[in-house]
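As structure tokens, the structure follows; a few thoughts come after it.
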Amino acid sequence: MDRILVTEKIADEGLAVLGRAGQVDVRLDLDKAGLLAAIADYDALVVRSATKVTAEVIEAGVKLRAVGRAGTGVDNIDVDAATRRGIIVVNAPASNNIAVAELTIGLILGLARQIPQAHASLQSGKWERTKYSGWEVRGKTLGLIGLGRIGSEVAIRARAMEMTVLAFDPVVSFDRAEQIGVELVTMDELVQRSDVISIHVPLTDGTRNLFNAARIAQMKPGAFLLNASRGGIIDETALVEAINAGKLGGAALDVYNTEPPPADSPLLRHPKIITVPHIGASTAEAQTSAGTEVAEGVATAITGGTPRYAVNAPFVAPEAWQVLQPYLGLARSMGALIMQLIQEPVRSYELEFCGELASVDTQPVKLAVIQGLLSANSSERITPVNAPLIARERGVRISERTNPDAENYSGLLIVRVQTADTLRTFSGTVLRGEPHIVQSDGYFVDFVPQGALLLTYHRDRPGMIGHVGTLLGEDDVNISGMYVGRQLPRQRAMMVLTLDEPASDEVMARIRALDDVDQAYSVKL
Ligand code: NAD
């Protein structure tokens, strides 16, 4: 059983998820030396921000396959050292989305109705009903700078309040924006059209001081500016000046250039600026979800899967992930299946991505196929992280093509392997969330590629299926499913049997010896 070391406190729900994947040891007492001594026994390590997962720790973790960070930043993990060893580093970047999005909506409503100011006024003994007359958000235009994980959640919630939502994000596709009811526009158009602008971008060289005096000057008179992303994106001095000049209606801030801001900062006692102390992610649910999200990532990684958020694997856009995720298991199984049928040197591999797979970045699917192909014949641990490197070292070259047509399926993954004298082709799809192989070498079949399988290529004739069944029965192997594909009656055919237990070498030899059986393979997935 895999062993998982947890060195900092994570939510019980997360521990429960880990507990289903392996034996979990929570050791909150480990110092640097203690971690170095303990790590060799563990398959996975889960930390928050205090544990330093240095190259030394990674080297000492001879069995390590995954390191999880319950949270977003991975500054405390030597990701390069992990990548070199094929260790997947997962984090929990989505755990805060809802918390920050809901705070943003709270701040928008707070600005619209001056809720904090009205509260303070009443608490100070005043009853100022006319002073706190506000405006309704319905029908107003919200401009989102950044339509990533948090920006999208803000958009969905703002749409529910009947706001018009614009966004500027150079990476997000028009399809994705349309899906959540957002109009993608240029930065200039957004700034000029929005009644409220909310910022949801990372702090980078490109976003530092993005809202400087010149940009603020472009905003609609009386508009509002919000920032619950990172300090440094708004020029705080220019913001205060624009509000004092009556140019902007107000602002709401969760983050600051310096945190906490200096006690004499004009931001802190401005009547038109709502300030909260970087509490975007501070909800019970966000803490829980950081634990469960990282636990799910680690559990997926150590059971050979492709986790949703792997820091050292390619980033997949959310809309692409929805399409790709169901195909990953299929891709791994197809790689592993095909490799068990190949007995001579491979000349070339080709992947064809059809239908819904043709319009997204299919790199994770390709990695999953490689993982399957290599795992079947490797004593090394193959993960989506080191698969491309090992494939390159082994000279495995894979060509790819796309095809918008997927016959009658929404998506089809076709794997072709050419050896000196054979071309093997498998086509797979996902039906009701389950992987299915639907064609092989021109035969129409339909089976779920998992567990023990028996494949035969034979001549279609009466009694053939019975013979194979009898031989398996004599060996006490139970058949759970049977699929036969043929071209024409009494010509070449292919049979796939799903088995409760793998067929032994002896019974395989007897099946191969049957008249009219060309080839028979025992496959374990
Ligand atoms: P994300 O990576 O999912 O999305 C960021 C988006 O910004 C991306 O789609 C990217 O293409 C876009 N972007 C980058 N540069 C841009 C630019 N110059 N103009 C327009 N768009 C640009 O990130 P996320 O998880 O949505 O987080 C957004 C921000 O919120 C980050 O800065 C993050 O650190 C911050 N955050 C704050 C809190 C808090 O407590 N207030 C909590 C969590 C996250």
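Net charge within 12 Å of V323 by Cβ-Cβ distance, Lys/Arg positive one each and Asp/Glu negative one each, not counting V323 itself? Intermediate values should be presented prior to the final figure.
Values: positive: R176; negative: D175, E319, E356, D361.
In short, -3.
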Exercise. Can you give me the relative contact order of the chain as a percent, contacts being Cα pairs under 8 Å and 6 or more apart?
Worked result: 12
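Just how many pairs of Lys in the chain have C-alpha atoms closer than 14 Å, counting pairs that are eight or more places apart or on different chains? Could the numbers behind the result be given before it?
Numbers: K32/K52; K131/K272; K140/K220; K220/K247; K247/K272.
Number of lysine pairs found: 5.
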For this session: Run the quick spin-label model on R208 and A60: label points 7 Å from Cα toward the beta carbon, then report their separation in nm to one decimal.
Result: 3.6
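When the accessible area of the chain is split by element with a 1.4 Å probe, what percent falls to carbon and sulfur? Walk me through the intermediate numbers first.
On the way: 12000 of 24030 Å².
Exposed carbon and sulfur together represent 50 percent of the surface.
Using a 1.4 angstrom probe on the protein heavy atoms only, could you order R215, R432, R113, R269 from most to least accessible area?
Working: R215 60, R432 210, R113 130, R269 160 Å².
Of R215, R432, R113, R269, the descending order of accessible area is R432, R269, R113, R215.
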Seminar exercise, completed: region 1-32 scanned against label point 7 Å out from K524 along Cα→C-beta; backbone N under 15 Å for none
Problem set entry | Net dipole in debye of the chain [+1 Lys, Arg Cβ; -1 Asp, Glu Cβ; about Cα centre; nearest 20] | 1060
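Mind listing which chymotrypsin sites (Phe, Trp or Tyr not before Pro) in region 71-179 are in a DSSP loop and have 12 or fewer other Cβ atoms within 10 Å?
On the way: sites: W127, Y132, W135, F168, F174; in loops: W127, Y132, W135.
Here the sparse-neighbourhood loop sites are W127.
Helix check for the chain. Which DSSP H runs span at least 15 Å along their own axis by Cα, with a mean Kyte-Doolittle hydropathy no less than 0.0?
Helices meeting the criterion: 97-113, 149-160, 284-302, 318-341, 363-375, 464-474.
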For this session: Positive end of the charge dipole of region 97-275 (Lys, Arg +1 and Asp, Glu -1 on Cβ, about the Cα centre): tell me which of L122, L111, S194 has its Cα farthest that way.
Result: L122
Problem set entry | Listed residues L488, G433, V445: farthest to the positive end of the dipole of region 418-525 (Cβ charges) | L488
Exercise. Treating the beta-carbon of each Lys and Arg as +1 and of each Asp and Glu as -1, no other charges, what is the dipole magnitude of region 318-524 about its Cα centre, to the nearest 20 debye?
Worked result: 420
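Report the far tail of the P(r) of region 1-152, meaning the percent of Cα-Cα pairs longer than 24 Å.
Values: 5888 of 11476 pairs.
Counting every Cα pair in region 1-152, those more than 24 Å apart make up 51 percent.
Normalised by the number of residues in region 14-99, what is the relative contact order in percent for Cα pairs under 8 Å and 6+ residues apart? Don't skip to the answer; put the middle values down first.
Values: 103 pairs, mean separation 21.2, N = 86.
Once divided by the residue count of region 14-99, the mean separation gives 25 percent.
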Exercise. Suppose R0 equals 56 Å; then what is the FRET efficiency for E13 and L488 from their Cβ-Cβ distance, rounded to the nearest 0.05?
Worked result: 0.50
Exercise. Where does the charge balance sit around P462 when Lys and Arg score +1, Asp and Glu -1, over other residues with C-beta under 12 Å from its C-beta?
Worked result: +1
Problem set entry | Paramagnetic reach from A50 in region 69-97 [backbone N under 19 Å; point 7 Å along Cα→Cβ] | 69-78
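The values are calculated or read from the model by the stated rules, or taken from the named source; none is laboratory data. Given the structure is predicted, the values throughout are model-derived calculations rather than measurements. Positions of Cβ are backbone-derived with ideal geometry, glycine not excepted, and every protein chain shown enters the neighbour counts. SASA here: full protein model, heavy atoms, side chains in, ligands and nucleic acids out. Shrake-Rupley method; radii C 1.70, N 1.55, O 1.52, S 1.80 Å.
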